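S.K.: One structure, as structure tokens, below. Some questions next.
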Amino acid sequence: MFLQQLINGIALGSTYALIALGYTMVYGIITLINFAHGEIFMVGAFIGLLMVSVFKLNIFIAMALAMCVCMVLGVVIELIAYRRLRRSSRLSALISAIGVSIFLSSLALMVFGADAKGFPEGAFPLHQIHIGNADISTLQLTIIGIAAFLMLGLEFIVQKTKIGKAMRATSEDYAAAALMGINVNRVISFTFALGSALAAAGGVLVGLLYNAVSFNMGLMAGLKAFAAAVLGGIGSIPGAMLGGVLLGVTEIFGVAIGYSSYRDAIAFAILVLVLLFKPTGLLGQKIQKKV
Amino acid sequence: MLVVEDLFVNYKAIKALNGVSCQVQQGEIVALIGANGAGKTTILNTISGIVPAASGKISFEGKDITDIPPHEIVRMGISQVPEGRRVFSKMSVLENLEMGAFVRNDKKGIQEAMEHVFQLFPRLAERRKQLAKTLSGGEQQMLAMGRALMSNPRLLLLDEPSMGLAPMLVEKIFEIIQEINASGTTIMLVEQNAHMALSIASRAYVLETGTVVLQGNAAELAADPEVRKAYLGE
Amino acid sequence: MAILTLDNVTIRFGGLVAVDKVNLAVEEGNIQALIGPNGAGKSTLFNLITGIYTPTEGEIRFDGAVISGRQTHQIAALGIGRTFQNIRLFNELPVIENVLIGAHTRGKWDLLGSILRPTPWVKREEEQLLDWAMECLDRVDLAGKAWEVASNLSYGEQRRLEIARALALKPRILLLDEPAAGMNPFEKQVLMEIVQKIRQTGMTVFLVEHDMKFVMGISDQIAVLDYGVKIAEGKPEEVRVNPQVIEAYLGKGAKQ
Amino acid sequence: MAEFLQNIVGAVDPYTMQVIVNIGIAIPLALGLNIITGLTGQLSLGHAAFMSIGAFISAICTIRLGFPFALTLVTSGLVTAAIGAMIGFPILRLSGDYLAICTLGFAEIVKVIFLNLDITNKALGLTVPAPKSFLPMPIYVWGIAILSIVFVAFLQSSRFGRALKAIREDEIAAEAMGINLARYKVQSFAIGSFLAGVGGGLYAHFLGYINPSDFGFLKSVDILSMVVLGGLGSIPGTVIGAAVLTAAPEFLRFMSEYRMLVYGALLVCLMVFRPNGLLGGVNFTGLLLKAIGRNINESIPREKGRRKL
């Protein structure tokens, strides 16, 4: 029972982590809570669904395509809705982000309708594996595997590649990075592309997990993923992974011990408590007050 | 090599520069001195493209660079060591230096530049794996200078290299600045330690509230009673 | 009598000792200056006095009472007014409202006063505060700009407005952080006269300044800070010829 | 008297009257958020939660306790203010985005709690009986709207309001002027919550049915847009914002399908092209004087202008 719930929790948490990474990276680089990020996740899920059910593509190819489309979407959103606001107040950018979020979800409502859509039968070869008294599906294992693979890939890009290092430099000191000859705008676009791709992957995986894709799935998942990012320490990539998994596991265990109707409140209660007692999150760094 | 003509810069309603003109010849060390808020840093930042000019013209090696974005300026051969060092504190010494070479793609050249930097600052070689935030103030200054040298600049802009450093270190840093200059890099230096700056510079400009009030040969300026007055209120 | 005393005050940020065992006494009614190169810890000292930072070690006393460890707003209410090195005005508000906010501790009506805003009692206080604010603006020669938005003022005017705002607190000691920075010689002259006039009202002035002409011309007493350590103290003519000070400012070899 | 008013109300067609009343309900709600976000500069993304607290408290007062309507509204306002202060005390230490997220999280928690309580009838929601009052309901609502406008106008021009504005502009400088940040922030949060509570009470009784799901994130964004549209911190702006955004969906009915789509796009355009709000920076007094043909500068000579503050 415990093992079963743990695996369920980790599988759910991995999807939160995938979305949380985008929040954390974008916040790290332009200190904006990208409210539209949850909708990118939703769009990703729909693209994946479309590829599988209409174009009859393999689920993994569909996921890769969804990631590509969302990369472009993320970059375009930044270009249109955020770039010009980079020097305005934080509030303006935040409201613009909320506007994008409303726009995308109502667009999805218009195009795909209000009902949740499921993946066609056999889109993913489902098998159950028995470990002890736990039933673990191949889907759960795949989710955990893909999430882990993508996160390791991201970590590699950020730590080892030239553009990844430029991302870190830019998130630390915008002007100093520009003085190095780094094209800051391009680095920011790249960050949005990367984060959006991960969110799209998360969207397809969640769509498979619940076998439901709907226009309003972005809001709650986005908010929870944000909670995960804050829990881990916003701006920290390992923090987002840790936060996502912790949140997923807590949520599943909360449901298991009978608080299923408070499911959505659990994530936010954790969020509020973390903000109150350790505002920098589990792996975040302290920020010195500037006078 | 660098010509600044009648440069005006505003921050909102505040006029930071009121028609500054100055120039730097190939191979020189030129010092900009003056009190806080006189506009020294603004000049460097406008040359680097971080701060937009309201009017006026900046040209480098004959090309107009007034409205060119900062990352292009670095490519053209100007690099800046900003005030307060601003190293990437969460990155290692090595990674900081790699960032300095961001515009370059020649692996061999980068390797050579890095060896040159380690030769100038042996301390950095010892600490190449450490995160920059664990370095002392003096070491961070060395890292900031080393980082700027990684792009092989023809003109190096130095902003307050002595700030917050112990006197022993200040002398060391100034020796290295002369060394860098001797190896062929032209230098424009902003410094509050006027005597130190004038002792290594060939020429200097004295700024006050966004305008050049005095200029000339560094040795002559060092002896000028006006300079002493500006600094010590004599 | 000393109105403000610093006793062995030290603050560390991580490994960096920004202010190191500083002892200092500001005499009541004096103009006391604090000078030193950039990064010497002068502004940090002001932030310690006003409670923005808390000293790692040592004690700060104002008028006999220990103030280190108290909150910034409590310290302000005791009668310590200040300006900031990098001008911190309430930018979107009119000049007069900036000064009225400075007079916050001079008023009594609070939330209830908002509800009773049109009653004679509240009105009277508002009138008094307005008169007082206008008087403060007058003292820095800005009465004519009372209705402009603060961010539309020139640099020199913004610096003076900060002083008026601090004066509105009716402080017993006024801390000025680089009041002359970025001013032209004429504006500096005007500022010097303003500060002298302020002192004539009996107020103590404690200022950080880089402009030596300004400092030398106005101060009764000067303390010099270098790398967080007090290296000299005395009358302007003493400090000016102090070899350590010359070295800190002009660099080695300038001793003549 | 009451009959006379009833006649006036009766003269307007019911559909228009409903829109007018909705605007009257939106005004205290938006003004409450304007105090927190516009005046004090603390971004709240959970205003709908306070509205829902007010709505449910007032509904319960009416249904279970049989309070008269006026007492119901006062109770819901005060209880909401108390909860606002209680929540505000710990979270107002947070700054900027973190505060925004915390209020958002709090709002979601409130929603989930209401969805699980028996007294709020869980997910089914509550049916609220029409209030008994000698005044016709529209007059009642607008009376309260006007009262809240006057109150906020007083507040803005008082010493208290100036302290809030100082906090918005620069917290460190405000503190150096002797302003107790924590106290003023909590008070501003409490007053904003009070108005949200009253607005929630009006909403519950005028609509006659409330459900916790009606007070989600989108409702908070809706109220925030009213404040932002009119320009943060401006009372006329907020009132116009409340009126326009309440009436707009009615005018946009012909494109009901695209409504939210257009709304989202407009929000982005508004921020990109006018980051200070559509009416931000507009001098309403000046416009008024101009409209009646007076020169602005002449009309506010020094002595008179003083009182204008």
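S.K.: Averaged across C:158-171, how many Cβ atoms of other chains sit within 10 Å of each residue's Cβ atom?
M.R.: Across C:158-171, the average partner-chain Cβ count within 10 Å equals 1.
S.K.: Next question, about the same structure. For region A:227-263 and region B:76-96, write down the distance between their C-alpha centroids in whole Å.
M.R.: 37
S.K.: Right, next: Against the longest principal axis of chain A, how steep is helix A:263-277, in degrees 0 to 90 to the nearest 10, with axes from Cα atoms?
M.R.: 30
S.K.: Next question, about the same structure. Which aspartates and glutamates have a Cα lying under 19 Å from the Cα of B:K107, excluding residues fewer than 8 positions away in the same chain?
M.R.: Straight-distance partners of B:K107: B:E95, B:E98, B:E115.
S.K.: What Kirkwood hydrodynamic radius do you get for the protein assembly as shown when you take the inverse of the mean 1/r over all pairs of distinct Cα atoms, in Å?
M.R.: Kirkwood radius, the protein assembly as shown: 32.0 Å.
S.K.: Separate question: Please provide three numbers in whole Å: the alpha-carbon extents of chain B along the principal axes, with the largest listed first.
M.R.: 46, 38, 32
S.K.: Something else: Using θ = phi - 60° and the Karplus curve 6.51 cos²θ - 1.76 cosθ + 1.60, what whole-Hz ³J(HN,Hα) does each residue of region B:211-226 get, with Gly and Pro shown as x?
M.R.: These are the phi-based 3J(HN,Hα) values: 9, 7, 9, 9, 8, x, 4, 4, 4, 5, 4, 4, 8, 5, x, 4 Hz.
S.K.: Can I ask one more? Given a Förster distance of 41 Å, report the FRET efficiency between D:F4 and D:A182 from their Cβ-Cβ distance, rounded to the nearest 0.05.
M.R.: For R0 = 41 Å, the calculated efficiency reads 0.25.
S.K.: Additional query: What is the spin-label model distance, in nm, from C:K197 to A:F149 if the labels are put 7 Å beyond Cα along the C-beta direction?
M.R.: Going by the 7 Å Cα→Cβ label model, 7.7 nm.
S.K.: What percent of all Cα-Cα pairs in chain C falls in each 5 Å bin, counting up from 0?
M.R.: 1, 6, 13, 16, 18, 16, 12, 8, 5, 2, 1, 0, 0, 0
S.K.: Shifting gears a bit: State the Kirkwood hydrodynamic radius of region A:1-155 in Å, one decimal place, computed from all pairs of distinct Cα atoms.
M.R.: 17.4
S.K.: Between C:N242 and A:I80, what is the label-to-label distance in nm when each label sits 7 Å out along the Cα-to-Cβ direction?
M.R.: Between C:N242 and A:I80, the label points sit 6.4 nm apart.
S.K.: Based on the Cβ-Cβ distance of B:A54 and A:S89, what FRET efficiency does E = 1/(1 + (r/R0)^6) give at R0 = 35 Å, to the nearest 0.05? Show your work: numbers first, answer last.
M.R.: On the way: r = 24 Å, r/R0 = 0.68.
So the FRET efficiency works out to roughly 0.90.
S.K.: Would you calculate a helix-derived [θ] at 222 nm for chain A, using -39,500 (n - 2.57) for each DSSP H run of n ≥ 4 and dividing by the full residue count, to the nearest 500?
M.R.: Mean residue ellipticity, 222 nm, calculated: -24000 deg cm²/dmol.
S.K.: If the label point is 7 Å along Cα→Cβ of B:N18, which residues in region B:33-76 have backbone nitrogen under 14 Å from it?
M.R.: Zone members listed by number: B:38-39.
S.K.: Arranged from highest to lowest average of other beta-carbon atoms within 10 Å per residue, in what order do the peptides D:12-24, A:183-195, C:39-51, C:144-156 appear?
M.R.: For the peptides D:12-24, A:183-195, C:39-51, C:144-156, the packing ranking is C:39-51, A:183-195, C:144-156, D:12-24.
S.K.: Using the Karplus curve 6.51 cos²θ - 1.76 cosθ + 1.60 with θ = phi - 60°, what ³J(HN,Hα) values do you get for each residue of region D:54-68, in whole Hz, with x for Gly and Pro?
M.R.: x, 4, 6, 4, 5, 4, 5, 4, 6, 6, 8, 9, x, 5, x
S.K.: Related question: Taking 20 °C and 1.002 mPa s as the conditions, I'd like the Stokes-Einstein D for region D:12-91 in µm²/s, using the Kirkwood hydrodynamic radius from alpha carbon pairs.
M.R.: Result for D is 153 µm²/s.
S.K.: If you add up the charges near C:S154, with Lys and Arg at +1 and Asp and Glu at -1, over every other residue whose beta carbon is less than 12 angstrom from its beta carbon, what do you get?
M.R.: Within the 12 Å Cβ shell, the charges total +2.
S.K.: With the cut-off at 26 Å, tell me which of the pairs B:K12/B:K40; A:K160/A:K224; C:K42/C:K188; A:K165/B:K172; D:K185/D:K219 have Cα atoms farther apart than that.
M.R.: A:K160/A:K224; A:K165/B:K172, as the Cα separations exceed 26 Å there.
S.K.: Within 10 Å of each Cβ of B:73-85, how many other protein chain Cβ atoms are there on average? Mind dumping the intermediate values first?
M.R.: Details: counts 3, 5, 1, 1, 0, 1, 3, 5, 2, 4, 1, 3, 1.
So the per-residue partner count for this stretch is 2.
S.K.: Next question, about the same structure. Taking springs between alpha-carbon atoms closer than 10 angstrom, which of D:Y258, D:Y140, D:Y209 fluctuates most in the Gaussian network model of chain D?
M.R.: Among D:Y258, D:Y140, D:Y209, the largest mean-square fluctuation in the Gaussian network model of chain D belongs to D:Y258.
S.K.: Roughly how many Å is it from the Cα centre of region D:222-270 to that of region D:1-43, as a whole number?
M.R.: 15
S.K.: Follow-up. Report the local net charge at B:L155: Lys and Arg +1, Asp and Glu -1, summed over other residues whose C-beta lies under 14 Å from its C-beta.
M.R.: Result for the neighbourhood of B:L155: 0.
S.K.: Just to confirm the number: angle between the C-alpha axis of helix A:184-210 and the first principal axis of chain A, 0 to 90 degrees, nearest 10?
M.R.: Computed tilt is about 10 degrees.
S.K.: Mind checking the mean number of beta-carbon atoms from other chains within 10 Å of the Cβ atoms in D:98-110? List each step's numbers first, then the result.
M.R.: Numbers: counts 6, 1, 4, 11, 8, 1, 8, 14, 4, 1, 11, 9, 2.
Mean inter-chain Cβ contacts per residue within 10 Å come to 6.
S.K.: May I ask you to derive the relative contact order of region D:2-278, considering only C-alpha pairs under 8 Å and at least 6 residues apart, and to give it as an integer percent?
M.R.: Worked out over region D:2-278, it gives 37 percent.
S.K.: Does region A:147-259 come out rounded, prolate or oblate by the C-alpha gyration tensor, with a ≥ b ≥ c the root eigenvalues, rounded set by a/c under 1.5 and, if not, prolate when a/b is larger than b/c and oblate if not? Numbers along the way, then the final one.
M.R.: Numbers: a/c = 2.49, a/b = 2.02, b/c = 1.23.
Taking the square roots of the gyration eigenvalues as a ≥ b ≥ c, region A:147-259 is prolate.
S.K.: What Kirkwood Rh does chain D have if only Cα atoms enter the pairwise 1/r average? Answer in Å.
M.R.: Every distinct Cα pair counted, the radius reaches 20.2 Å.
S.K.: OK, next. Using alpha carbons only, how many angstrom separate the centre of region D:127-141 from the centre of region D:63-82?
M.R.: Answer, in whole Å: 14.
S.K.: 7 Å from Cα along Cα→Cβ at both C:K170 and D:I63: what's the point-to-point distance in nm?
M.R.: A separation of 5.6 nm, rounded to one decimal place.
S.K.: Given the C-alpha atoms of region D:163-239, compute the convex hull and give its volume per residue in Å³.
M.R.: Hull volume normalised by residue count: 109 Å³.
S.K.: Remind me, relative contact order of chain C in percent, using alpha carbon pairs under 8 angstrom and six or more residues apart?
M.R.: Contact order relative to length: 27 percent.
S.K.: Then there is this: What is the calculated FRET efficiency for A:F156 to A:Q128, with r their C-beta to C-beta distance and R₀ = 25 Å, to the nearest 0.05?
M.R.: Working: r = 33 Å, r/R0 = 1.32.
Given R0 = 25 Å and the Cβ-Cβ separation, E is 0.15.
S.K.: Separate question: Summing +1 for each Lys or Arg and -1 for each Asp or Glu, what net charge is found among the other residues whose Cβ lies under 14 Å from the Cβ of A:G248?
M.R.: 0
S.K.: Divide by every residue of chain D the summed helix terms, -39500 (n - 2.57) for each DSSP H run of at least 4, and state the resulting mean residue ellipticity at 222 nm, rounded to the nearest 500 deg cm²/dmol.
M.R.: Values: 15 runs with 216 residues, N = 309.
Mean residue ellipticity at 222 nm (helix-derived): -22500 deg cm²/dmol.
S.K.: Moving on to the next point. Where the convex hull is taken over the Cα atoms of region A:2-277, what is its projected area averaged over directions, in nm²?
M.R.: Values: hull surface 60.1 nm².
With every direction weighted equally, the projected area is 15.0 nm².
Quick note: the coordinates plus some simple rules give every number you see, no bench work behind them. None of the values given here were measured: they were computed from a predicted structure. We place every Cβ from the backbone using ideal geometry, glycine too, and count neighbours over all the protein chains shown.
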